[in-house]
Amino acid sequence: MTENKKIDVIVVGAGPAGISCAITIARAGKKVVLIERGSFAGSKNVFGGAIYTQPTKEIFPDFEKTAPLERRNVEHKFAILGEIDSTVVSYKNKSEVCGSYTVIRGKFDRWMAEEAKKEGVYLVEKTVVRELLTDNGKVVGVKTELEDYYADIVILADGVNSLLAKQIGLREDILPKDVALSVKEVIKLDKEKINDRFNISDDEGCIYEVFGGPMLGMLGLGFIYTNQNSVTVGLGITLSELAERGLRPYDVLEQLKAHPTIAPLIKDGELLEYSAHLIPEGGYNKIPKLSFDGVMIIGDAAMLVNNLHWEGTNLAMISGKLAGETAVDALNNNDFSAKFLYKYEEKLKNSFVIKDLKTYKDLMDIAHIKSDAFLDYYLRTVNAFFKMFTSVDSIPKREKYYDFIKTFFKERKFVNILSDIWHGLKLLWSIFKWY
């Protein structure tokens, strides 16, 4: 493709962000090429396991009728694990309105790509973008291993480790504390066993968010998702934690799977798949510059992940849609300058995407500082309280309460408790002061 045959927009990366962006542009009648390095859309994509109904409907209004969905999630459990004990809190909602579905990315992303092709998106697979082409500082296309592609706008959806964004100075090197390494296994189980162990019916799903256990004291969380005939179990831990402790994430995952609360859920299962993936953890404070002359950044490449709520696909899709809308406006106005494309960032700021990330902008910094308290001591304390509260041993309850409180202040020095309270209040202030 020569420069005089350039197209309107090139999107790099066929994940939820890239596909949502490309299909938005194609629906407006513009020419868009979507470049994917994998053998097919979804072959290189890894995530926990759920897509969210409302944002997905903004891109694919009828997806519930035709997309390859696994289960509709009706229950969300939060498990606090000690070394051998646990406290599990559950929320269940079986209303007809479903908030999320579990999916297999290899199937779901492929379906999205096919829908995009139906709308006129030209999908180029098995192609690696080596670098961005520039002219007087403006991005004008991409160089692949086979040929050069030229376009008025290039949109980067190439994942958390976006070398292309770094090439043109829109982002700096990622620090180990700002990304997590997520590892997961897909374990085959009969549908009947899944239904019985998770107390759900054929089309229903259950999600676990897991705190503590082998991750006590670390910035790490575990997860479990139910599929039709398999269970996804995994965890994510910041790279800095892994490096400082000399841990291998797979070993930590094995410990999580062996925990007395988790092991019965996956007993006698057959390993189908193991995968690893970097996840942005820096939050609002680590969002790079998202637009420049001829280029915009979306999805994980833009560090758009809400790590507290495990939300990523919804932020990716909406950021892709908003960038696509901005690209259409730019094409209609024949203006591809940084000033015009900044409208994408303004759209993001007015959406839930940036508002939610801004809400938790201090979360990760405080979590790093107080991981020994909030991700270790207080998790153990919750389990210790329920162990005390549920035990029957002929000891008067008042004595138990007194001993529990005395032990609490003995194990956690008063100055440390004050520090915990201060950081807790600081976090609450950062959450609510924007409203």
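Key figures for this structure:
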{"quantity": "For peptides 51-59, 310-318, sequence by mean Cβ density within 10 Å, most packed first", "calculated": "310-318, 51-59"}
{"quantity": "Rg over Rh, two decimals, region 177-280 (C-alpha only, Kirkwood Rh)", "calculated": "0.99"}
{"quantity": "Burial ordering of 291, 351, 371, fewest other beta-carbon atoms within 10 Å first", "calculated": "351, 371, 291"}
{"quantity": "Cubic angstrom per residue, convex hull over Cα atoms of region 363-432", "calculated": "99"}
{"quantity": "Radius 11 Å from Cβ of residue 194, net charge of other residues (Lys, Arg +1; Asp, Glu -1)", "calculated": "-1"}
{"quantity": "Filter on 57/358; 343/433; 117/321 - keep pairs with C-alpha separation over 19 Å", "calculated": "57/358; 343/433"}
{"quantity": "Computed helical MRE - 222 nm, the chain, DSSP H runs ≥ 4 contributing -39500 (n - 2.57), nearest 500", "calculated": "-11500 deg cm²/dmol"}
{"quantity": "0 to 90° range, to nearest 10: angle between helix 338-349 axis and the chain longest Cα axis", "calculated": "30"}
{"quantity": "Max mean-square fluctuation residue, GNM over the chain, Cα-Cα springs under 10 Å, options 261, 24, 238", "calculated": "261"}
{"quantity": "Which listed pairs, of 65/257; 184/347; 118/361; 77/347; 166/347, have C-alpha distances above 32 Å, in listed order", "calculated": "65/257; 184/347; 118/361; 77/347"}
{"quantity": "Hits among aspartates and glutamates - C-alpha to C-alpha of residue 286 under 12 Å, sequence gap 8 or more where chains match", "calculated": "172, 173, 178, 300, 362, 365"}
{"quantity": "Overall Cα dimensions of region 305-371 - principal axes, largest extent first, Å", "calculated": "50, 22, 15"}
{"quantity": "Cβ charges +1 (Lys, Arg) and -1 (Asp, Glu), total dipole of region 306-374, debye", "calculated": "120"}
{"quantity": "Globularity index of the chain, i.e. its alpha-carbon radius of gyration over 2.2 N^0.38 Å", "calculated": "1.06"}
{"quantity": "GNM result for the chain, Cα springs below 10 Å: residue of 416, 229, 383 fluctuating most strongly", "calculated": "416"}
{"quantity": "Dipole of the chain, positive direction: furthest Cα of 360, 227, 63, with charges on the beta-carbon", "calculated": "360"}
{"quantity": "The chain: angle of helix 16-27 to the longest principal axis, Cα-based, in degrees nearest 10", "calculated": "40"}
{"quantity": "Order of 386, 414, 63 under a 10 Å beta carbon neighbour criterion, fewest first", "calculated": "414, 386, 63"}
{"quantity": "On Cα atoms only, tilt of 105-118 relative to the major axis of the chain in degrees", "calculated": "30"}
{"quantity": "Fraction of beta bridges assigned by DSSP in the chain that are antiparallel (%, nearest 5)", "calculated": "70"}
{"quantity": "In nm, spacing of pseudo-spin labels at residue 27 and residue 274 (7 Å Cα→C-beta vector)", "calculated": "4.1"}
{"quantity": "Cβ-derived FRET efficiency at R0 60 Å, residue 419 paired with residue 143, nearest 0.05", "calculated": "0.70"}
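Just so you know, all these numbers are worked out from the coordinates, no wet-lab data involved. Worth saying up front: this structure is predicted, and the values here are computed from it rather than measured. Positions of Cβ are backbone-derived with ideal geometry, glycine not excepted, and every protein chain shown enters the neighbour counts.
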